[in-house]
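Down below is the structure, laid out as structure tokens.
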Amino acid sequence: MESMDMSSQLDYDLMLENSGRVDRLMCSPIPKIASTEAADENDDASKNVFHLHQSLQAFEEDYLKECAKNRPAPGAKFNYAWALVKSQSRAHIKKGVTLLRGLSFDHYRPADCLYYCAVGYYRLDNLYESRRCLKQLLSFNEKYRPAISLMDILDDRIRREAATGLAVLGTIISTSAMVYVSLSKFQEA
């Protein structure tokens, strides 16, 4: 099985993010397909999903071979973690984030590790941890465009969720006030 060239994948990810397609393609769950026959030749999304599944298997094999040698090479660990973060499985994403955090503490490609940790946390709906990773990355690499794009997406989503939370809280308070007024009028009668 052929391994994916990570530098071309990072370039592809940058292109997606600069085109505004990051939220749909990088941060949303990947739909499952059963086999190559299920991938329509004209359906790029299905091809990408199958390619990511193949990549995950290839990177897992490479990583396990490296683990058998005692300590896996950082490149094999990064490739495997990257593929895990791109998976549709929450367990895979969590495992990928854990591997990437370890690599970032070892100072292996810190910007890429922190960025993909942020993507993983975003996909797990842990927006605040995702934001923390991005802030850490931007503190030493303020021009890292994918991180800037993802930070904008995060800030928008956090604002929307905060507004929704305030609306729900306002509804609860007004409903409680109406119930209180109704009960107090009932007790007076």
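For segment 112-189, report the % of Cα-Cα distances exceeding 14 Å.
Across segment 112-189, Cα pairs with separations above 14 Å total 68 percent.
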So the carbon and sulfur contribution to the accessible area of segment 73-189, 1.4 Å probe, in percent, is 60 percent
Protection proxy (average C-beta count within 10 Å per residue), highest first, orders 170-178, 137-145 as 137-145, 170-178
Over segment 119-163, with neighbouring protein chains present, the accessible area per residue in Å² at probe 1.4 Å is 56 Å²
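The values are calculated or read from the model by the stated rules, or taken from the named source; none is laboratory data. This one's a predicted model, so the numbers in the text were calculated from it and none came from an experiment. Note that we place each Cβ from the backbone using ideal geometry, even for glycine, and neighbour counts take in every protein chain shown. Remember, those area values only see protein heavy atoms, side chains included, never the ligands or the DNA or RNA. Shrake-Rupley method; radii C 1.70, N 1.55, O 1.52, S 1.80 Å.
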